[in-house]
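> Handing you a structure now.
The values are calculated or read from the model by the stated rules, or taken from the named source; none is laboratory data. Computed from a prediction, not measured in an experiment: that's the story for all the values here. Methodologically, a virtual Cβ is constructed for each residue, glycine included, from the backbone with ideal geometry; neighbour enumeration extends over all protein chains shown. Only protein heavy atoms, including side chains, enter the accessible area calculation; ligands, DNA and RNA are left aside. Shrake-Rupley method; radii C 1.70, N 1.55, O 1.52, S 1.80 Å.
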Amino acid sequence: EIVCSLAWLPSSGNILATGTSYGRLQIWDVNTKKLMRTMTAPVGGDEPARARLPAVAWNQHILTSGSKYGWIRHNDVRQEKYAVAAVRGHNQEVCGLAWSPDGSHLASGGNDNYLNIWDGTSTTQPIHSLDSHVSAVKAVAWCPWKSNLLASGGGVNDKYLRFWSSSTGGNIKAIDTGSQVSGIVWNEEHREIITGHGEPYHQLTIWKYPNITKVANLQ
């Protein structure tokens, strides 16, 4: 089985969630190197087989996963019957997931080029379904100091870094980065972000916020 996604439990430095190529959602204690729990989705309907989980994200005791077939599932790791809710979030693979800092909203990016914003775990429809990207949306990250500010990045046919208001769904700013955007990390101490890139330049880029001026390319 291939490990397809990783997410640390924010409140603990030793609990790691992994999503695998066979649809297993696992929780590991990295200090003891022990598998604490394995969770799997039911098979049937739109998910005919165990499918890879390309994205996982924590919201306190809720562990959310995204699947190859577009499903988003919420699991309460405290419960024996862990399945809380499930929704067909995208028409294709879910390749990016991130909970807002206050835990109220979930952002999901898909291989269908959509960025969706969800209100908690109980909704069946996104409050915003954003189609400005013209390639897969793998990179999604919430601002740590402003809970309604979301950044997203488009794939190889898009290359744009975009900033959104989750309150209105409005696109605040868009920057052509020149490369596929594969990851975004906000700096929690300074008004900066760093983006990771694929084709064609494979660089890391540091940006100043809010002007989005480039500080450096790390090749």
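> Residues of the stretch 191-213 being over 19 Å from residue 140 (Cα atoms) and either surrounded by 11 or more Cβ atoms within 10 Å (Cβ to Cβ) or in contact (Cβ under 8 Å) with a residue 60 or more places away in the chain (or both), which ones?
200, 201
> Now for a separate question. Scanning the stretch 30-74 for residues that are among the small types (Gly, Ala, Ser) and not in a strand (DSSP E or B), which turns out most open to solvent (accessible area, probe 1.4 Å)?
Pass one, the stretch 30-74, residues among the small types (Gly, Ala, Ser): 41, 44-45, 49, 51, 55, 57, 65-67, 70.
Keeping just the survivors that are not in a strand (DSSP E or B) gives 41, 45, 49, 51, 67, 70.
On the way: 41: 26, 45: 76, 49: 49, 51: 12, 67: 3, 70: 0 Å².
Restricting to residues being among the small types (Gly, Ala, Ser) and not in a strand (DSSP E or B), the top hit is 45.
> Okay, next question. Kindly establish whether residue 157 is within 17 Å of residue 95 (Cβ to Cβ), in contact (Cβ under 8 Å) with a residue 24 or more places away in the chain and assigned to a loop (DSSP other than H, G, I, E, B). First the steps, then the outcome.
Numbers: within 17 Å of residue 95 (Cβ to Cβ): yes; in contact (Cβ under 8 Å) with a residue 24 or more places away in the chain: no; assigned to a loop (DSSP other than H, G, I, E, B): yes.
No, not satisfied.
> Every residue in the stretch 160-183 that is closer than 27 Å to residue 119 by Cα and touching a Gly at 6+ places or on another chain (Cβ under 6 Å), please.
160, 161, 181, 182, 183
> Condition (residue is closer than 24 Å to residue 10 by Cβ, surrounded by fewer than 19 Cβ atoms within 10 Å (Cβ to Cβ) and within 16 Å of the chain's Cα centre (by Cα)) applied to the stretch 127-135: is it met by at least one residue?
The answer is no; no qualifying residue exists.
> Shifting gears a bit: Of all the residues that make up the stretch 95-113, how many are of a type outside the set (Gly, Ala, Ser), in contact with a His (Cβ under 6 Å, 6 or more places away or on another chain) and on the phi < 0 side of the Ramachandran plot? It would help to see each step written out before you state the result.
Of the residues in the stretch 95-113, the ones of a type outside the set (Gly, Ala, Ser) are 95, 97, 99, 101-102, 105-106, 111-113.
Filter once more, so that each one left must be in contact with a His (Cβ under 6 Å, 6 or more places away or on another chain): 112-113.
Then drop every residue that is not on the phi < 0 side of the Ramachandran plot, which leaves 112.
Looking only at that region, the number is 1.
> Here's something else I'd like to know. Quick one: residue 174 ticks every box in (1) assigned to a strand (DSSP E or B); (2) open to solvent by less than 70 Å² (accessible area, probe 1.4 Å); (3) without any contact (Cβ under 8 Å) to a residue 40 or more places away in the chain except a single one, so which number is it?
Result: residue 174 passes all but (3).
> Name every residue in the stretch 6-21 that is surrounded by fewer than 17 Cβ atoms within 10 Å (Cβ to Cβ) and among the small types (Gly, Ala, Ser), in order of residue number.
Hits for the stretch 6-21 are 11, 12, 13, 21.
> For residue 83, which of the numbered conditions (1) open to solvent by less than 30 Å² (accessible area, probe 1.4 Å); (2) farther than 23 Å from residue 137 by Cβ; (3) not polar (S, T, N, Q) fails to hold?
The failed condition is (1).
> List pairs: first residue in the stretch 125-142 and farther than 14 Å from residue 160 by Cα and part of a loop (DSSP other than H, G, I, E, B), second residue among the polar types (S, T, N, Q) and open to solvent by 30 Å² or more (accessible area, probe 1.4 Å) anywhere in the structure, Cβ distance under 6 angstrom, at least six positions apart or on different chains.
none
> Determine if the stretch 105-116 includes at least one residue that is among the charged types (D, E, K, R) and open to solvent by 30 Å² or more (accessible area, probe 1.4 Å). Spell out how you get there, then give the answer.
So in the stretch 105-116, the residues among the charged types (D, E, K, R) come out as 112.
Now narrow it down to the ones that are open to solvent by 30 Å² or more (accessible area, probe 1.4 Å): none.
Within the stretch 105-116, none of the residues are among the charged types (D, E, K, R) and open to solvent by 30 Å² or more (accessible area, probe 1.4 Å).
> For residue 122, work out the one condition from (1) out of contact with any Ser or Thr (no Cβ under 9 Å at 6 or more places or on another chain); (2) farther than 26 Å from residue 15 by Cα; (3) among the hydroxyl-bearing types (Ser, Thr, Tyr); (4) open to solvent by 20 Å² or more (accessible area, probe 1.4 Å) it doesn't fulfil.
Evaluating residue 122 over (1) out of contact with any Ser or Thr (no Cβ under 9 Å at 6 or more places or on another chain); (2) farther than 26 Å from residue 15 by Cα; (3) among the hydroxyl-bearing types (Ser, Thr, Tyr); (4) open to solvent by 20 Å² or more (accessible area, probe 1.4 Å) leaves (2) as the failure.
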